[in-house]
Amino acid sequence: MACSLTLTGRSLPCRDALGGVKKVWIATSFNADATVSFVEGMWDAVASGEIPDASAALILKDYVSPKNSSSLTQTVNASVENGTVFYSQVLSLVLNKPVAADITEIQNLAKGRLAIVVQDNNDNYFVMGHIRGAELTGGTIASGTALGDLNGYTLEFTAEEAIPAPFLDSTGANLTFTTTA
């Protein structure tokens, strides 16, 4: 079957965008009482690159990173030989100052497929792993060497999807963004 494409082009935008991640939001429960074990069917359908809402009640907790330290990188992975394309979404999340409770938190984050919403410094919200989920795939716990070095965690979350992370309308009725600080 032939491939049908519709291209619209893109002009040069204004120079008013900022880099970096402001907050990361991770789902701790789905349907208000069960932990997230899969995310397929969790979000409304993507339309024009955006998800309007969660398909059922979704509670997200914030993970606040120091400014200028965390990033979301999406990579196009295409194979001409196989005719496949997918997108790797990698969140590098830095958290300062380890405390004892973090050990359990990191273990819990590593156990499942997560629903992760990344808020950038332009207040755009992106859903990582909106169909297949995101997973904690690596990271470090560092004491630092010099007095000004990072004393904390760098956690790497990865998702692989058929499309780039869609934007999220953060005003959805089924979304609860819970701030911990």
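Report the local net charge at V21: Lys and Arg +1, Asp and Glu -1, summed over other residues whose C-beta lies under 10 Å from its C-beta.
Every neighbour counted, the sum reads +2.
Tell me the net charge near D53. Cut-off is 13 Å between Cβ atoms, D53 excluded, with +1 for each Lys or Arg and -1 for each Asp or Glu.
That sum, taken over residues with Cβ under 13 Å, equals -3.
Counting only other residues whose beta carbon sits under 13 Å from that of A165, what net charge do I get with K and R as +1, D and E as -1?
Around A165, the surrounding residues sum to -3.
With just the Cα atoms defining each centre, how far is region 113-168 from region 55-110? Give it in Å.
The two parts, judged by their Cα centres, are 2 Å apart.
Given the options V64, V94, V76, which has the most mean-square fluctuation in a GNM of the chain, springs set between C-alpha atoms less than 10 angstrom apart?
Checking each option, the largest mean-square fluctuation is seen for V76.
Using only the Cα atoms of region 134-181, what do you get for the radius of gyration and for Dmax, in Å?
Considering region 134-181 through its Cα atoms, Rg and Dmax are 16.5, 47 Å.
Hey, any idea what the orientation-averaged projected area of the convex hull of region 33-178's Cα atoms comes to, in nm²?
Projected area, direction-averaged: 10.6 nm².
Looking at region 40-96, what % of the alpha carbon pairs are farther apart than 20 Å?
55
For the residue pair E156 and A57, what label-to-label distance in nm results when each label sits 7 Å from Cα along the Cα-to-beta-carbon direction?
Each label point is offset 7 Å from its Cα along the Cβ direction, giving 3.7 nm.
No value in this document is a laboratory result; all are computed from the given coordinates. Source: prediction; values computed, not measured. Positions of Cβ are generated from backbone atoms using ideal geometry, with glycine treated the same way; all protein chains shown enter the neighbour counts.
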